[in-house]
Amino acid sequence: MARHVVATVDDIAPGQRKLVQVEGRDIGIFNVGGEFFAIANRCPHEGASLCKGRVVGLVESSEPGSYQFSRPGEMVRCPWHGWEFDLRTGKSFCDPRRTKVRAFDLKVEEGAALVEETLLRAETFPVSIERQYVVIEV
């Protein structure tokens, strides 16, 4: 599986999101209190851009008139019809068994570690000197 550097941590402030394109796919990167999550940017219902949706918490009710609010900022609401998706898993709370958006694995890594893995290493070429000629191998 190919890895792609899509942003620095400073590019996406807590509570914000960034839309990126990776291998032709639109992916929303969300910063939830310093944790980063990535989901496909397309609502499975009718294709709305989830990055344009409101980020909300989870509201649950055990009985009429009694509501509990939890997980602030961990849900995104489709801007067209209000379907809500868990940023951690991509599951819909409208129908969690059958409806979800794709969630992507995402890591925050130190720049030095990326250089060691050659993700950010510049391409180099061997050079030699022969009888006062500079020769490069490509």
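Points worth noting:
- Figure legend. Inter-residue proximity from region 90-102: first residues within 18 Å of residue 49 (Cα to Cα), second residues loosely packed, with under 15 Cβ neighbours inside 10 Å, beta-carbon distance below 6 Å, spacing 6+ or different chains. Indicated pairs: 90/102.
- Matching option when the condition is over 16 Å from residue 109 (Cβ atoms), exposed (fewer than 12 other Cβ atoms within 10 Å of the Cβ) and out of contact with any strand residue (DSSP E or B) (no Cβ under 6 Å at 6 or more places or on another chain), among 34, 47: 47
- Within region 7-16, the set of residues being in a loop (DSSP other than H, G, I, E, B) and under 14 Å from residue 111 (Cβ atoms) comprises 7, 8.
- Tally of residues being more than 10 Å from residue 53 (Cα to Cα) and either among the acidic types (Asp, Glu) or touching a residue at least 60 places away in the same chain (Cβ under 8 Å) (or both) across region 69-89: 2
- Sole residue being in contact with a Phe, Trp or Tyr (Cβ under 8 Å, 6 or more places away or on another chain) and modelled with pLDDT of 90 or more, chosen from 108, 76, 59: 76
- Of all residues in region 80-93 being in contact with a strand residue (DSSP E or B) (Cβ under 7 Å, 6 or more places away or on another chain) and assigned to a loop (DSSP other than H, G, I, E, B), the one that is surrounded by the most Cβ atoms within 10 Å (Cβ to Cβ): 87
- Within region 43-79, the only residue that satisfies the criterion of being assigned to a loop (DSSP other than H, G, I, E, B) and acidic (Asp, Glu) is 46.
The values are calculated or read from the model by the stated rules, or taken from the named source; none is laboratory data. The shown structure was predicted, so the numbers you read here are calculated from the model rather than taken from an experiment. We place every Cβ from the backbone using ideal geometry, glycine too, and count neighbours over all the protein chains shown.
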